[in-house]
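Each value in this text was obtained by applying a stated rule to the coordinates, not by laboratory testing. This one's a predicted model, so the numbers in the text were calculated from it and none came from an experiment. Virtual Cβ from ideal backbone geometry, glycine too; neighbours counted across all protein chains shown.
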Amino acid sequence: MTAMSTLLIVHHTPSPTMQAMLEAVLAGARDEAIEGVEVVVRPALAATAVDVLAADGYLLGTPANIGYMSGALKHFFDTVYYPCLDATVGRPYALYVHGNNDTTGAVRAVEAIATGLRWKRLRDPVTVIGVPDAAAREACWEVGATTAASLMSS
């Protein structure tokens, strides 16, 4: 039997909009066509360095709050940064962000920290402004599926 890969989804989901995005991400990540990948889901305030060290890739979800990532996701990074700095180099990550009018600062902040961790961005972030329509939900599904599929054993 081949070893399972682990996708860690770390999210801050304080609103119905973020919940809809998370549900679409999870549906994609758990698609039946993706085999050999365990999906572990942690709220940003509960995720630990142990979770990060045990995972093979990451999918991060945050609202854009006052031009920045959520305080919860920032707390996650503050908690795991140094314990995971050398052990997670090169691991893939992806990001989804919701904003009421802009997501630029939140994306920039997450990417700066991920660059410091030397994680490899798997794809462009999914950014949604306002209420997620069908296309936005599909983009969230796709980021979940492609991130999980990238961890499948070849």
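Only one item in [x] 14.3, 48; [y] 17.7, 62; [z] 14.3, 42 matches Rg and Dmax of the Cα atoms in Å derived from the coordinates shown, and that item is [x]. GNM remark for the chain: springs join alpha carbons under 10 Å apart, and the peak mean-square fluctuation among 44, 72, 54 falls on 54. Ordered by the count of other Cβ atoms within 10 Å of each Cβ, fewest first, 113, 9, 66, 34 give 66, 113, 34, 9.
Neighbours of residue 29 by Cβ distance under 12 Å: Lys/Arg scored +1, Asp/Glu scored -1, total -4.
Membrane-span-like helices in the chain, defined purely by DSSP H runs whose alpha carbon atoms cover 18 Å or more axially and whose average Kyte-Doolittle hydropathy reaches 0.5, are 16-29, 104-117.
Shape call for the range 1-44 from the C-alpha gyration tensor, a ≥ b ≥ c root eigenvalues: rounded (a/c under 1.5), prolate (a/b greater than b/c) or oblate? Oblate, because a/c is 1.5 or more while a/b does not exceed b/c. Taking other residues whose beta carbon is less than 10 angstrom from the beta carbon of residue 4, and scoring Lys, Arg as +1 and Asp, Glu as -1, yields -3. Residues considered: 137, 30, 123. Largest GNM mean-square fluctuation over the chain, using C-alpha springs under 10 Å, is found at 123.
Using the alpha-carbon centroid of each, what span in Å lies between the range 140-154 and the range 48-82? What the calculation gives is 19 Å, centre to centre.
Under the criterion of Cα pairs below 8 Å and six or more residues apart, the relative contact order for the chain equals 34 percent.
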